[in-house]
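The structure under discussion appears below in the form of C-alpha cells.
The values are calculated or read from the model by the stated rules, or taken from the named source; none is laboratory data. Remember, predicted model here, so these are calculated numbers, not experimental data. In this analysis, Cβ positions are derived from the backbone assuming ideal geometry, glycine residues included, and neighbour counts consider all displayed protein chains.
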Amino acid sequence: MNDALLLARTQFGLNIAFHILFPSITIGLAWILVYFRAQYARTREPAWLETYRLWTRIFALTFAMGVVSGIVMSFQFGTNWPGFMNSVGNVAGPLLAYEVLTAFFLEATFLGVMLFGMNRVPGWMHLTSTALVAFGTTLSAFWILALNSWMQTPAGHGYIDGQLVAGDWWRVIFNPSFPYRFTHMMLASGLTAAFVVAGLSAWRMLRAPRDPAARRTLHAGIWIAAMLAPVQVLVGDLHGLNTLEHQPAKIAAVEALWTSGKGVPLVLLAIPNERERRNDFALEIPKGASLVLTHDTEGEVLGLDAFAAVDTPPVAPLFFAFRVMVGMGVLMIVLAWMGAWLTRGGRAPPGWLLWSFAGFTFSGWIATLAGWLVTEIGRQPWLVTGLLRTADAAGPISGAQLGASLTGYILTYALMLLAYMVVLTHLAGKGSGPMAPGAGVTLTEARA
C-alpha cells in the first residue's frame with residue numbers, strides 16, 4: 001500500500017471515528033429524553049423537569065458536535081475519495097440525500113421547539129417535538145447504515161451503459177446485512193447513552209449524594225443498560241453469523257484462522273503473525289470457533305487460505321479490535337447487572353459502585369469504536385465489496401498534503417474532544433440545581 005493511500009484512509013478513519021462518538025450518544029440519549037419528559041408530564045414532579053433540562057443541554061452540545069464533525073467528513077468524499085461518487089454515486093448519492101431531506105430536516109425543525117419551546121407551546125406539543133427529534137436521530141442512522149451496509153453487502157444494483165445504477169431500491173436499502181447492522185448500532189447507541197447517563201449521574205452523586213435528580217438518572221441509566229446488554233449479545237451473534245455468510249474473509253481475519261477445517265479452535269488471545277501465517281503465543285479453546293460460528297463443534301469454517309491474498313483484510317487490527325469490543329462489552333454487562341442488583345428497590349448505591357460507573361462513563365465509546373474498526377477494516381481491500389476497491393477510489397492528493405492536513409485534524413479534534421469532556425463533566429458536577437423561582441409548571445405546560 002502506498003503512503004498516500006494509507007494517509008487518506010487514516011485521515012478519513014480519524015474523521016469518522018471522531019464523528020461516530022457523538023451520534024452514538026445522541027441516538028440513544030434522544031429516546032431517554034423522551035422518557036424523562038414523559039415522566040414529568042405524567043407526575044409533574046420538579047425533579048423530572050430538572051433532569052430533563054440538564055440532559056437537554058448535554059444533548060444539544062453533543063448534537064452540535066456531531067453536526068460539525070459530520071460536515072467535515074462529507075467534504076472528504078470529494079477530497080480523498082472522488083472515485084467513490086464517480087463509481088457508485090447513483091446509489092450512494094440518493095441515500096445520503098434521503099438522510100438530509102428526511103432525518104436532518106425533521107431534527108432541525110423540531111430541535112428548536114424541544115430546546116426553547118417548553119414555555120411557548122402546549123405541553124403535549126413539546127413532548128411530541130422531543131419524540132420527533134428522537135425519531136429523526138434514528139431515521140438519520142437508518143439511512144447512513146443503509147448506505148454503509150450496502151457497501152458491505154451490495155444488492156439491488158445493475159448497470160446501464162456501463163454505469164452502476166440502483167435497479168431495486170428495496171433491495172439496495174434492505175440489503176443482506178442491513179437489519180443486523182442497524183439493530184446492532186441502535187443497541188450500541190442505547191448502551192453508550194445509558195452508561196453516559198449513569199456515569200455522569202454517579203459523578204454528580206459523589207459530590208452531592210442526596211441529589212434526587214441524579215439518583216433518578218443513575219437508576220434509569222443502570223436499568224436501561226441492564227436490559228439492553230443481553231439483547232445486544234443475541235443480536236451480535238446473529239450479526240456474526242450473517243457476516244460469516246456474506247463476508248467469510250472478514251470472519252477468518254477476526255478469528256485469525258489461517259487454514260480451513262472442521263472442529264476449528266477459538267483463539268482467545270494471540271499475536272497474529274501475518275508473515276508466517278500463524279498465531280504466536282496462542283491461547284485457544286479446542287473446537288470453540290466451530291461452535292461459535294456454526295453452532296456445531298465439528299462445523300467447517302473457512303480460513304484465510306480459502307481466499308486470494310489480495311482480497312483479504314489485515315488480520316492483526318481486526319483480531320485485536322474485536323477482542324477489545326467483546327471485552328468491553330462483557331465488562332459493561334457485568335457492571336450493569338451488578339448495579340441493577342445493588343440498587344434494586346431504590347437502594348442507595350455504595351461508593352465503590354459510583355466510582356465504577358463514573359469510570360465507565362465513556363466505555364460505550366471504546367466498544368463502538370472497536371466495532372467500527374472491525375466493520376470498516378474488515379471490508380478491505382474493498383470500498384464497496386466486489387464492486388470498487390479502495391485504491392481505485394482514492395484521489396490524486398499527495399502524501400505531503402495528506403500528512404499536513406492529518407496533523408491539523410489530530411490537533412483540532414483532540415482539543416475539541418477535551419473541551420467537550422470538560423464541559424460535560426462540569427455540567428454533570430453542577431447537577432440540575434435548584435429550580436429558579438417561577439420555573440414550576442406554567443400555564444402552557446399545564447395543558448399537557
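Numbers below:
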| read-out | value |
| --- | --- |
| Residue match in the stretch 269-292 (condition: in contact with a strand residue (DSSP E or B) (Cβ under 9 Å, 6 or more places away or on another chain), under 17 Å from V374 (Cα atoms) and of a type in the set (D, E, K, R)) | no |
| Residues of the stretch 357-410 classified as under 30 Å from W337 (Cβ atoms) and of a type in the set (A, V, I, L, M), total | 7 |
| Yes/no for A103 being modelled with pLDDT under 85, in contact with a Ser or Thr (Cβ under 9 Å, 6 or more places away or on another chain) and either of a type outside the set (F, W, Y) or part of a strand (DSSP E or B) (or both) | yes |
| The stretch 200-244, subset over 20 Å from L49 (Cα atoms) and of a type in the set (G, A, S), residue surrounded by the most Cβ atoms within 10 Å (Cβ to Cβ) | A225 |
| Options A252, A256, A225: the member that is of a type in the set (G, A, S) and within 19 Å of S177 (Cβ to Cβ) | A252 |
| Filter pass, A60 being touching a residue at least 24 places away in the same chain (Cβ under 8 Å), more than 16 Å from A131 (Cβ to Cβ) and surrounded by fewer than 24 Cβ atoms within 10 Å (Cβ to Cβ) | yes |
| Scope the stretch 1-33; condition out of contact with any Phe, Trp or Tyr (no Cβ under 9 Å at 6 or more places or on another chain) and of a type in the set (V, I, T); matching residues | T10, I27 |
| So I71, is it surrounded by fewer than 19 Cβ atoms within 10 Å (Cβ to Cβ), in a helix (DSSP H, G or I) and among the hydrophobic types (A, V, I, L, M, F, W, C) | yes |
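Yes or no, residue by residue, for (1) free of Cβ contacts under 8 Å to residues at least 60 places away in the same chain; (2) under 22 Å from R42 (Cα atoms); (3) in a helix (DSSP H, G or I); (4) within 18 Å of the chain's Cα centre (by Cα):
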| site | (1), (2), (3), (4) |
| --- | --- |
| W55 | no, yes, yes, no |
| F84 | no, no, yes, no |
| V91 | no, no, yes, no |
| L115 | yes, yes, yes, no |
| H126 | no, yes, yes, no |
| F135 | yes, yes, yes, yes |
| I144 | yes, no, yes, yes |
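Yes/no per residue for (1) over 30 Å from A249 (Cβ atoms); (2) assigned to a helix (DSSP H, G or I); (3) charged (D, E, K, R); (4) more than 19 Å from the chain's Cα centre (by Cα):
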| residue | (1), (2), (3), (4) |
| --- | --- |
| G339 | yes, yes, no, yes |
| L354 | yes, yes, no, yes |
| T361 | yes, no, no, no |
| W365 | no, yes, no, no |
| L369 | no, yes, no, no |
